[in-house]
Amino acid sequence: MPGITPIRDLKDIAAISRMCSESDEPVYVTKNGYGDLVIMR
């Protein structure tokens, strides 16, 4: 299951990096409830 996180959580870069490392799925970042960007490893 892909990770979904709000854009305000990007302040914690270590947590986002860990989330990307632990999953082979992309991490979707939302802004105001809408998709804003995708982080892939």
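A few points about this structure:
- Charge dipole of the chain (Cα centre as origin; +1 on each Lys and Arg Cβ, -1 on each Asp and Glu Cβ, all else neutral): 160 debye, rounded to the nearest 20.
- Between the residues Leu10, Met40, Ser23, the greatest Cα displacement towards the positive end of the dipole of the chain, with unit charges on the Cβ of Lys, Arg, Asp and Glu, is found for Leu10.
- The residues of the chain have, on average, 81 Å² of accessible surface per residue, using a 1.4 Å probe with all protein chains present.
- In the chain, the longest principal axis of the Cα atoms and the axis of helix 13-22 are about 50 degrees apart.
- Per residue, the convex hull spanned by the Cα atoms of the chain measures out at 55 cubic angstrom.
- Relative contact order for the chain: 41 percent, from Cα pairs under 8 Å spaced at least 6 residues apart, divided by residue count.
- Within the shell of other residues whose beta carbon sits under 15 angstrom from the beta carbon of Arg8, the net charge comes to -1, with Lys and Arg scored +1 and Asp and Glu -1.
The values are calculated or read from the model by the stated rules, or taken from the named source; none is laboratory data. All values reported here derive from a predicted model rather than from experimental measurement. Here Cβ is always computed from backbone atoms with ideal geometry, including for glycine, and neighbour counts include all displayed protein chains. Areas reflect the complete protein model, heavy atoms only, side chains present, ligands, DNA and RNA absent. Shrake-Rupley method; radii C 1.70, N 1.55, O 1.52, S 1.80 Å.
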